[in-house]
Every structure is written in C-alpha cells, then in structure tokens.
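A short write-up of the structure that comes next.
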Amino acid sequence: MNVARKEWPAALCALPATEVKHLANVLSGELEVRDVALPHAGLGLLNLRDGAFEESYFIGEIPVARAEVIVRTAGGLEERGGALIVDDRAQFARSIAILDAVMAGKLPGSVPAMALVQRGMEVRQQKQIERKKLLTATRVDFSLLGQEDDEDEE
Amino acid sequence: MSYVAIKGGKAAIDGAAAATDYLRCKGSLDEPLTLAMIEEQLRLLTSRVVSEGGLYHPRLAALALKQFQGDTLEAAFALRAYRSTKPRLLETPVQDTANMRCIRRISSAFKEVPGGQYLGATYDYALRLLQLDLANEDPAAFKAVAQSFLQDTPDSEVPDNFPKVIDALRAEGLLPPVTPSRAAAFDITRDPLVFPVPRSAALATMARSETGGLLAMAYSNMRGYGDVHPTVAELRVGYLPVMLPHPVTGELMEAGEVLVTECEVVAMYEGTNGDELPTFTLGYGACFGHNEVKAISMAILDRALQKGMQDGPTNPSEDPEFVLLHVDGVDSMGFASHYKMPHYVTFQSDMDRLRTTQQKMQQQDTEATA
C-alpha cells in the first residue's frame with residue numbers, strides 16, 4: 001500500500017515516540033543528517049472558521065514542534081525532510097523529519113521507515129473504528145409518542 | 001489607592017507549600033495519581049482546563065490538575081503561565097470544523113438530519129443516581145468495560161465526516177447569507193480588548209472563558225434578561241484534524257488533532273429594513289475539549305452580543321464590555337484571590353478615617369446637646 005507523503009507525519013505520531021526515535025537514531029548512524037534549522041518546539045495559534053458566519057477566529061493555542069533536515073548517503077544521494085507536528089517534543093519532530101527524508105528519497109532505510117508508517121496507519125484506523133463505535137451504539141431517531149416508527153415499540 | 005510592598009513570611013510560605021503537598025499525599029492511597037488516569041478517567045475535568053487555559057495540551061492539563069489538587073481555576077492559570085514561556089511559532093491556516101471526526105452529533109431542531117444523529121457518550125438521558133458499585137470498583141471489571149463495549153458494538157458504515165446542519169437551512173434561504181470576511185482574526189493573547197471589539201475577539205475570549213462564568217451570563221439571557229430563545233441546530237463533539245503545511249513540500253498535511261466541542265444555535269428571526277426576506281439569526285460557540293454547556297452558552301452569548309453590537313445592549317448579556325471583561329476565569333479568580341493578600345496598610349487607613357469620622361460626629365453631637 002502506497003501512503004502519500006502528507007499522511008506520514010500523522011501515521012508516525014500515532015506510534016510510541018520511542019519506536020520512531022529508535023529507527024531514526026539507527027538511520028542517523030548510517031546516513032549523514034544535517035539540520036537545516038535547529039529543531040524547535042513552541043506554540044501555534046489555532047485558527048478556526050466559525051460555523052455560523054464563516055469568520056475566522058482563534059480558539060486557542062496548540063503545541064507545535066518543527067524540524068527540517070537534509071539526509072545524505074555515503075554515495076552522495078541527498079534528500080530534504082521535514083516535520084511540523086502538534087506536539088511539544090522537538091527531537092520527536094526531528095526523528096520524523098529524518099524518516100520523511102529517507103522515505104521521500106527512497107534512501108537506505110526507507111523500507112523499515114515505511115513499515116512504521118504502515119503500522120501507524122493501522123493504529124489510526126483502529127482508533128477511528130473505535131470512535132465510530134461510539135456513534136454506532138448511539139444512533140438515535142427521536143419519534144413523537146405514538147408514531148409508528150417509534151423504535152421502543154419494537 | 002496605591003499598593004505597598006511587604007516582606008517577611010518566607011518560612012511560612014515555604015511551609016504552606018509543604019503543607020499543601022502533604023495534604024495531596026497523605027491519603028490512604030498507596031499510589032499517586034498518574035497523568036493518564038486524570039486525562040482519561042477525569043476527561044471532562046481535563047477538558048475544562050484545556051479550554052480555560054487556552055492551550056490544547058491534555059497531558060499538561062492533567063499535570064496541572066494533579067498539582068493543584070483538582071482546582072480548575074488554578075490549573076488553567078498554570079497552563080496559561082506555561083504557555084507564556086513558549087515561543088509562538090505559527091498561526092495555523094483556517095481550519096474547517098466540517099472535517100471534524102465526530103464522536104457525538106445531535107440536533108434539537110430536527111428529528112432527522114443528513115448523516116444522522118448520534119448521542120455518543122453523554123449523561124443527557126441518564127438518571128442522576130449515584131452508582132454505588134463504583135465506590136469499590138474491581139480493576140478487572142473496570143478493564144472489561146472497555147473491552148466488552150468494543151466487542152459488543154458492531155462495525156458499521158458511519159461516515160468519517162458529517163455535513164453541517166445549518167448548511168441545509170442556509171440553502172433554503174432561512175439563514176442570513178455568508179459574507180466572506182477578509183479581516184484578520186483578533187489575537188487576545190497579544191492585544192488588549194479595546195471596545196468596540198470585532199466578533200473574532202469575542203469568540204476567542206469566550207472560547208477560553210471560565211465555564212461557570214460563561215454559563216451564568218448565558219443563563220441570565222435564557223431566564224429572561226434577553227430574548228435569544230435558542231434552538232440547537234447542531235452540537236458536535238469530535239477530533240478536528242489540524243492541517244499544517246509540510247515544511248518541505250508546502251502541501252497541507254495532518255499535523256495532529258484536537259478535541260473540540262462546537263455548537264450552532266438558531267435564534268429568533270428578524271426582519272430587514274429593505275426588500276430582503278427575514279431570516280433566522282445565528283449564534284456560534286466552540287471550545288477545546290468536551291464541554292457542551294460551555295459551547296451552548298457561548299453560542300447564546302454570541303447571538304446576544306451580535307444583537308447588542310447592532311442595536312445597543314438592553315440586557316447585561318448583550319453588552320460586550322460587561323460579558324467579555326467578566327468571563328475569564330484567571331482574571332476573575334485572580335482578582336478575588338488578591339483580597340487574601342495583606343491589605344493592612346490600606347485597611348489601617350480606612351480605620352483611621354472611620355475613627356476620625358466617628359469622633360467628629362460624636363463631637364458634633366456633644367456640641368449640639370451642650
């Protein structure tokens with residue numbers, strides 16, 4: 001299954017950070033990783049469109065972490081990777097950025113990195129299934145008393 | 001009146017901190033509360049703190065609740081203090097709540113809505129009777145609750161997203177048309193409220209307001225100091241994907257998600273001066289976390305404030321200055337709490353003036369009777 005690049009960060013964020021960091025550390029030992037900018041963490045102001053008049057407003061702030069790296073192989077292949085995630089761990093963002101570069105450039109390590117993404121997608125899918133069960137179990141159709149389609153009459 | 005500095009009391013203040021922590025730890029429990037326990041089992045409490053703190057960080061909200069022993073005002077204060085130490089990295093692109101992954105979605109305005117209504121997790125129809133078996137809950141039974149719910153509930157084809165209920169009303173011409181606004185949203189964390197303020201400032205202020213304060217203002221309108229008479233067109237709770245540009249490609253990608261409660265109310269219709277047909281009026285509310293009372297209260301007040309801004313306020317809940325300057329929990333708690341600090345210099349002054357006044361009056365009485 002091909003997973004689009006824009007799906008990778010959310011998939012990797014769904015996994016324990018230790019797993020993502022571990023693979024990034026292993027790959028960092030085999031590849032040259034250069035930070036385009038130092039990984040950093042801070043806040044983002046969340047801009048929402050109001051549902052009544054479609055005006056934008058700020059509902060509050062969210063933690064954000066950002067990293068951008070260039071990964072280079074011994075053979076001279078080079079790829080740029082980045083991560084911008086709703087999280088406050090800059091090093092976690094850097095790990096994702098490394099995997100992003102590795103997968104985007106199909107550099108050595110892209111296979112295990114993509115396997116992590118696949119697993120993250122499965123975790124996300126499972127979470128969504130569980131959330132949908134909250135809806136499935138509570139679908140409601142309020143009928144007036146005495147109406148034929150009153151489900152409680154069945 | 002001016003403030004004066006005080007000194008001394010360091011040992012007592014240190015002792016107060018130790019005493020507070022003693023009370024947190026002295027209970028019969030062997031284990032301290034974990035943050036996951038607070039975040040998951042007291043999820044609605046955590047929700048209050050993330051929204052009133054104005055920072056969506058449930059884990060830190062749980063930590064703040066633990067540290068301040070369940071005091072939501074202090075916990076929100078701590079979250080605000082934390083955020084003030086962090087750099088602002090970005091403003092997100094405008095996010096569309098139609099993308100919300102709902103875990104609850106209802107409308108009181110219609111029997112059926114496109115996509116269906118789902119009660120989700122709610123106490124709305126529960127009896128408010130104490131569930132005494134929770135007092136000594138068996139850990140195995142506790143774990144089995146979640147497992148059996150997932151096992152017993154079939155998978156179904158529920159859509160990922162739902163259309164907005166008010167879109168159908170708008171398509172039918174029953175709501176005012178949307179006029180795209182290019183105005184930048186007001187940032188209440190950087191700019192003070194100087195009245196009149198744009199609606200985006202009102203929405204942002206109410207989104208991080210204290211739940212009880214906001215409810216009290218909205219309740220005054222509901223009871224009669226106002227005439228919004230709302231009908232909930234839609235109330236939804238769900239996870240909103242946060243879309244941010246990829247640092248390399250610039251393409252929007254899902255960077256994370258936040259739990260949000262959102263409510264749109266349809267209020268009394270109003271006529272127009274021109275040839276346009278009358279339409280219902282609207283109010284909107286939303287906040288971080290799962291907090292329905294807050295979102296509904298905000299939606300009612302949004303409508304009340306629109307009316308007040310347009311026609312001039314006739315009730316307190318229609319007065320932007322009255323509402324927006326009195327609903328913030330950290331502000332109001334801070335003011336109330338400051339009265340506990342030493343005020344003896346100003347109070348000595350008050351006593352001196354009172355004694356002098358009394359003496360003068362007694363002297364006048366004496367002279368009058370002499």
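Read-outs: derived from the displayed coordinates by stated rules, not from any lab. Not measured: the values here are computed from a predicted model. Every residue, glycine among them, receives a Cβ derived from its backbone with ideal geometry; neighbour counts consider all protein chains shown.
When a/c is below 1.5 the answer is rounded, else prolate if a/b is larger than b/c, else oblate, so apply that to the range A:86-145 with a ≥ b ≥ c taken from the square roots of the Cα gyration tensor eigenvalues. In terms of gyration-tensor shape, prolate. In percent, rounded to a whole number, the relative contact order of the range B:8-67 is 30, using alpha-carbon pairs under 8 Å and six or more apart. A simple rule links phi to the HN-Hα coupling: the Karplus curve 6.51 cos²θ - 1.76 cosθ + 1.60 with θ = phi - 60°, which for the range B:158-174 gives 7, x, 5, 10, 10, x, 7, 4, 6, 4, 5, 5, 5, 4, 7, x, 8 Hz, with x for Gly and Pro. Taken along the Cα-to-beta-carbon direction at a fixed 7 Å, the label points for B:T366 and B:A184 span 6.9 nm. Across the range B:154-212, the volume of the C-alpha convex hull divided among the residues equals 223 Å³ per residue.
Result for chain B in a Gaussian network model with C-alpha springs under 10 Å: among B:M206, B:M351, B:M268, the largest mean-square fluctuation is at B:M351. The distance from the alpha carbon centre of the range A:25-61 to that of the range B:1-72 is 28 Å, rounded to a whole number. Report summary: the helix-based calculation at 222 nm, which adds -39500 (n - 2.57) for every DSSP H run with n ≥ 4 and divides by the residues of chain B, gives -13500 deg cm²/dmol.
Considering all C-alpha pairs of the range B:225-370, those separated by over 21 Å amount to 68%. Please state the shape class of the range B:10-83: rounded when a/c is under 1.5, otherwise prolate if a/b exceeds b/c and oblate if not, all from the C-alpha gyration tensor. Note, shape of the range B:10-83 comes out oblate. Stretching B:S156 away from B:Y269 to a fully extended chain increases their span by 36.8 nm, per 0.36 nm per residue minus the current alpha-carbon distance. About its Cα centre, the range B:10-83 has a charge dipole of approximately 220 debye under the convention of +1 per Lys or Arg Cβ and -1 per Asp or Glu Cβ, with nothing else charged. Taken over the Cα atoms of chain A, the convex hull encloses 168 Å³ per residue. With each label modelled as a point 7 angstrom along the Cα→C-beta vector, the B:V194-B:Q131 pair spans 5.2 nm. Take the Cβ atoms of B:A36 and A:D35, set R0 to 41 Å, and the FRET efficiency comes out at 0.80. Applying 1/(1 + (r/R0)^6) with R0 = 56 Å to the Cβ-Cβ distance of A:K6 and B:L354, what FRET efficiency is obtained, to the nearest 0.05? Step by step, r from the Cβ atoms, then E = 0.20.
Think of each Lys and Arg Cβ as +1 and each Asp and Glu Cβ as -1; about the Cα centre, that makes the dipole of chain B roughly 1080 debye.
Mean partner shielding of peptide A:81-91, defined as the number of other chain Cβ atoms within 10 Å of each residue Cβ, is 5.
Remark: mean inter-chain Cβ contacts per residue of B:141-152 equal 1, using a 10 Å Cβ-Cβ cutoff to other protein chain atoms. For the range A:8-87, GluC sites (Glu not before Pro) are listed when DSSP marks them as loop and at most 16 other Cβ atoms sit within 10 Å of their Cβ; the list is A:E54. Between the range B:267-336 and the range B:103-156, the C-alpha centres lie 31 angstrom from each other.
Let me know the shape class of the range B:122-175, please: from the alpha-carbon gyration tensor, a ≥ b ≥ c as square roots of the eigenvalues, rounded when a/c is under 1.5, otherwise prolate if a/b is greater than b/c, or oblate. Oblate.
Computed on chain B, with alpha-carbon pairs under 8 angstrom and 6+ residues apart, the relative contact order is 17 percent. Given R0 = 45 Å, the distance between the Cβ atoms of A:R119 and B:S337 translates into a calculated FRET efficiency of 0.40. By the Stokes-Einstein formula, at 0.692 mPa s and 37 °C, chain B with its Kirkwood radius over alpha-carbon pairs has D equal to 135 µm²/s.
Distance in nm between label sites at A:H22 and B:K111, each 7 Å beyond Cα in the beta-carbon direction? In this crude spin-label approximation the distance works out to 5.7 nm. Figure legend: label point modelled 7 angstrom from the Cα of B:S148 along Cα→Cβ; no residues of the range A:130-148 have amide N under 14 Å from it. Residues considered: A:F58, A:F142, A:F92. Largest GNM mean-square fluctuation over chain A, using C-alpha springs under 10 Å, is found at A:F142.
How many partner chain Cβ atoms sit within 10 Å of a residue's Cβ in peptide A:34-45, on average, as a whole number?
4
Where does the longest stretch of chain B lie that holds no chymotrypsin sites (Phe, Trp or Tyr not before Pro) found in a DSSP loop with 12 or fewer other Cβ atoms within 10 Å? Answer from the scan: B:126-338. Highest GNM mean-square fluctuation among B:M222, B:M243, B:M100, for chain B modelled with Cα contacts below 10 Å: B:M243. Annotation note: trypsin sites (Lys or Arg not before Pro) in the range B:26-88 located in DSSP loop regions with a Cβ neighbour count of at most 12 within 10 Å are B:K26. Of the residues B:M243, B:P163, B:G224, the one whose Cα sits farthest toward the positive end of the charge dipole of the range B:109-246, with +1 on the Cβ of Lys and Arg and -1 on the Cβ of Asp and Glu, is B:G224.
In chain B, once you exclude exposed GluC sites (Glu not before Pro) (DSSP loop, at most 15 other Cβ within 10 angstrom), what's the longest stretch remaining?
Here the longest segment lacking exposed loop sites spans B:1-111.
Scanning residues 5 or more positions from B:T279 or on other chains, those with amide H under 5 Å from its amide H are B:E270, with H placed 1.01 Å from N in the peptide plane.
Of all alpha-carbon pairs in the protein assembly as shown, indicate the percentage at a distance above 43 angstrom. So the pairs more than 43 Å apart make up 29 percent of the total in the protein assembly as shown.
When the Cα positions of B:F186, B:P32, B:A299 are compared along the charge dipole of the protein assembly as shown, B:P32 comes out farthest toward the positive end, with charges on each C-beta of Lys, Arg, Asp and Glu.
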